[in-house]
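Scroll down for the structure; my scribbles are underneath it.
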Amino acid sequence: MLGDGGVCVYVTLRVPSSWPRHCGIDFNSPDEARVDLLTHFGGWSEQLRELIKAGSGPIVPRQVYHLPLGQKWKRRLGLTLVGDAAHVMSPFAGEGVNLGMLDALELANAIIKHGPNIKGCLEEYERDKLFERSDAANQLARDCMHAAFDARTPESLANILFETISGPTVAERFAEKEGKSS
Ligand SMILES: Cc1cc2nc3c(=O)[nH]c(=O)nc-3n(C[C@H](O)[C@H](O)[C@H](O)COP(=O)(O)OP(=O)(O)OC[C@H]3O[C@@H](n4cnc5c(N)ncnc54)[C@H](O)[C@@H]3O)c2cc1C
């Protein structure tokens, strides 16, 4: 939901990265593009197809990027990363903002604790758990992404989402763990 009451709709296709250039859809003509896009959703319910049909804004094709699992960096004084810069993942887990806010909170707490001691701040913030929770969310995003496109979808995706929604988010799990251990 946008601030002006509008709704922004995302549709996802599993296609080669060159698809936007070769698919034959003219994304500069959104109304025509909407009609062409609907051919990719032929067997879908009319209610869902309506989300594409009813659109009135531009259509922007974007590729989805994610970092590999096990991503870490070598500490450099005076520089660190938070949010997507630290752990960009596909949006399928819905965790990116949560992790970004937790990163910011933890970095702020490290600065409060260590003050001008930058080395201490970074040692506190760039601990294993930063990378562990990034990996956990990245793995969940990968699982959800695969489930979204496998032969059993939508059941497979729904199963993961039901499991995930009934428990804490990855960010909450790691924040809780930290709360208990401190
Ligand atoms: C389709 C989609 C759905 C998503 N759904 C969810 C969801 O449901 N829940 C969730 O938690 N997360 C979701 N996410 C992920 C979430 O959007 C990101 O994790 C989050 O926005 C990351 O915040 P950030 O501040 O780290 O980076 P960004 O939001 O990318 O902010 C970085 C900013 O830096 C600016 N910038 C870049 N380069 C420069 C430069 N050289 N100079 C100045 N400025 C620069 C950019 O313009 C941007 O404004 C989704 C992402 C996508 C793409």
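Answer yes or no: is there a residue in the range 69-88 that is within 24 Å of D150 (Cα to Cα), assigned by the TED database to the domain that holds F131 and either touching a residue at least 12 places away in the same chain (Cβ under 8 Å) or hydroxyl-bearing (S, T, Y) (or both). The answer is yes; a qualifying residue exists.
Within the range 73-85, is there a residue that is crowded, with 19+ Cβ neighbours inside 10 Å, of a type outside the set (D, E) and under 28 Å from S156 (Cβ atoms)? Within the range 73-85 (the criterion being crowded, with 19+ Cβ neighbours inside 10 Å, of a type outside the set (D, E) and under 28 Å from S156 (Cβ atoms)), the answer is no, since none of the residues qualifies.
Scanning the range 97-120 for residues that are in contact (Cβ under 8 Å) with a residue 24 or more places away in the chain and buried (at least 17 other Cβ atoms within 10 Å of the Cβ) yields a count of 6. Of the residues making up the range 31-77, those that are farther than 22 Å from C8 by Cα and out of contact with any helix residue (DSSP H, G or I) (no Cβ under 8 Å at 6 or more places or on another chain) are G43, P68, W73, K74, R76. Applying the criterion of at least 1 residues that are away from the ligand (no atom under 16 Å from the Cβ) to the helices (runs of 4 or more DSSP H) found wholly in the range 21-125 leaves 30-38, 46-53, 96-114, 118-125.
The values are calculated or read from the model by the stated rules, or taken from the named source; none is laboratory data. Keep in mind it's a predicted model, so treat the numbers as computed, not measured. Every residue, glycine among them, receives a Cβ derived from its backbone with ideal geometry; neighbour counts consider all protein chains shown.
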